Amino acid sequence: MLAVATLTACNDSSDGSELPPQPTQKLDFSRFDAAWEKAVADYNAQAAPDKQIAGASAVIVHEKLGAVHTRGYGAFAADRLYLIASASKILSVGVLLRLADQGKLDIDAPLERYVADWGQTKASKLTVAQLLSNSSGLPSLNEVSAAATDPQSPFFSNVCQYNDGTQLQDCAKILYATEPPRPADTMFAYGGSQWQLAGAIAERVSGQSWAELIDDTYVEPCDVPSLGYTNQYTRSGRTYPDYFMANEANVPVTQNPSIEGGAYVTAPDYGKLLLMHLRGGRCGEARVLSEAAVTRMRTDRLKQYGGSTGQALTPGYGLGFWMDATGQVVTDPGAYGAYPLLDLQRRYGVFIAIELTAEVGVRLGSSVKPVLDQIFDEAKL
């Protein structure tokens, strides 16, 4: 079994955002820890030496109680810094929706309203809502990745989105001019060009860089100093960067951050952002997102055109969130194994981070959810 590296007490508060504890029995997460350690031990017993899980970090939050459990496992401390890949998406969506709350952006308006000087293209009539629901018709993550090794591909120029040496605005102009492989709102096609274009729109309407938007949206109001964005894909492709070593000093400095997958953050800080969603868009007294924005993020937009993700367990997709058939469990897993989840019925959230793959992160993370369900059901919060 993995040894425990770090443990903080239940109801620990570091940002003052937790509400007073409600009368209830003390929550005991020893069953969760045991279940996670067993899941990892079982996985490692079958995995090749270079595919072993060396450690993990987890945080559990509850709408009423705040952060109720934070822990590190194996070689990793609870506050280890992680690159979280696609678990960045709900964070990126929040930036766009905050601009909408401020009246600077209409996510249902055509993009040409904000980039008229870029000319008329097939992307001119697309909307930010289409971009953020993977429904825009622009080249997907897999299509752009395939194009990276094929200079004859019509999407070869879109590889700029993974180039840490260019500018977000310059890359976005290329993406905007790309001939979409399909009409908008006809198919769910995950990731890719649409996310980088959305980030550029955010910079355009705000007059700020993406880094400044992250600071204003989350870092200051939610007290999450570990949060930042980079573009690690130039150097590492889609595998966890060996050079990172949980050190912010090792991330590439870039003016072209990966909007869909470039965030890095600690588990405790990510937990504060999940708590913000559970509390209707507030971090403590600070209003980050409107309640309408938070609700829209987890409303299945694919239903508007009869689409589906094609995933049996998460057939729906809102703006950044994958969702189960009931719409009561929403997730945003990342390629390296980061696994954030909100249970909207039980009003808790969990974030577990490893440094491996999405398949392993989702499999192990979902395997321990029933234990959390039981803990919160028994507590009758």
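Partners of K89 within straight-line reach, counting aspartates and glutamates whose Cα lies under 13 Å from its Cα and excluding those fewer than 8 residues away in the same chain: E260, D332.
Using the Cα gyration tensor of segment 200-243, with a ≥ b ≥ c the square roots of its eigenvalues, what is the shape: rounded (a/c below 1.5), prolate (a/b larger than b/c) or oblate (neither)?
Details: a/c = 4.08, a/b = 1.52, b/c = 2.69.
It is oblate, given that a/c is not under 1.5 and a/b is not larger than b/c.
Its Cα gyration tensor gives segment 114-247 an equivalent ellipsoid. The semi-axes, each the square root of 5 times an eigenvalue, are 25, 20, 14 Å from largest down.
How high is the relative contact order of the chain, given as a whole-number percent (alpha carbon pairs under 8 Å, six or more residues apart)?
Taking the mean separation of contacting Cα pairs over the length of the chain, I get 22 percent.
Taking neighbour Cβ counts within 10 Å as the exposure measure, how do Y270, Y229 sort from fewest upward?
Working: Y270 28, Y229 23.
Exposure proxy ranking, most exposed first: Y229, Y270.
What angle, in degrees between 0 and 90 and rounded to the nearest 10, separates the Cα long axis of helix 30-46 from the longest principal axis of the Cα atoms of the chain? In the chain, helix 30-46 runs at an angle near 60 degrees to the longest axis. Set the Cα radius of gyration of segment 220-278 against 2.2 N^0.38 Å, with N its number of residues, and you get 1.20.
Of the peptides 237-247, 257-267, the ranking by mean beta-carbon count within 10 Å, highest at the top, reads 257-267, 237-247.
Helix 267-278 and the longest principal axis of the C-alpha atoms of the chain enclose an angle of approximately 80°. With both labels modelled 7 Å from their Cα along Cα-to-Cβ, the D216 to E248 distance reads 2.0 nm.
State whether segment 209-330 is rounded, prolate or oblate according to the following rule on the C-alpha gyration tensor (a ≥ b ≥ c being the square roots of its eigenvalues): a/c under 1.5 gives rounded; otherwise a/b larger than b/c gives prolate, and the remaining case gives oblate. Display every interim value, and only then the final one.
Working: a/c = 2.15, a/b = 1.29, b/c = 1.66.
Oblate, since a/c reaches 1.5 and b/c is not below a/b.
When each of the peptides 45-55, 108-118, 354-364 is scored by the mean number of other C-beta atoms lying within 10 Å of its residues, the order from highest to lowest reads 354-364, 108-118, 45-55.
Quickly rank 286-298, 184-196 as a protection proxy: mean count of other C-beta atoms within 10 Å, highest first.
Numbers: 286-298: 18.2, 184-196: 22.5.
Final packing ranking: 184-196, 286-298.
Secondary structure note: in the chain, about 95% of the DSSP beta bridges are antiparallel.
Between the Cα long axis of helix 168-177 and the first principal axis of the chain there is an angle of about 60°, rounded to the nearest 10.
Please order C171, C222 by the number of other Cβ within 10 Å, starting at the fewest. Each step should come with its number before you reach the end.
Working: C171 24, C222 21.
Going from sparsest to densest Cβ surroundings: C222, C171.
Cα centroids of segment 154-187 and segment 256-277: how far apart, whole angstrom? Distance between centres, Cα-based: 24 Å. Judged by the gyration tensor of its Cα atoms, with axes a ≥ b ≥ c, segment 272-381 is rounded; a/c sits under the 1.5 cut. If you bin all the Cα-Cα distances of segment 104-169 at 5 Å, starting from zero, the percentages per bin are 4, 16, 19, 23, 23, 13, 3, 1. All C-alpha pair distances within the chain, sorted into 20 Å bins from zero, spread as 30, 59, 11, 0 percent across the bins.
Using the 10 angstrom Cβ neighbour count as an exposure proxy, how do T121, T254 rank, fewest first? Can you show the working numbers first?
Details: T121 18, T254 21.
The fewest-first ordering by Cβ neighbours comes to T121, T254.
From the alpha carbon centroid of segment 76-102 to that of segment 193-250 is 8 Å.
Only the coordinates and a few stated rules stand behind these numbers; no lab work does. These numbers were taken from a predicted model, which means no experiment stands behind them. When we count neighbours, we look across all protein chains shown, and the Cβ atoms used for this are built from the backbone with ideal geometry, even at glycine.
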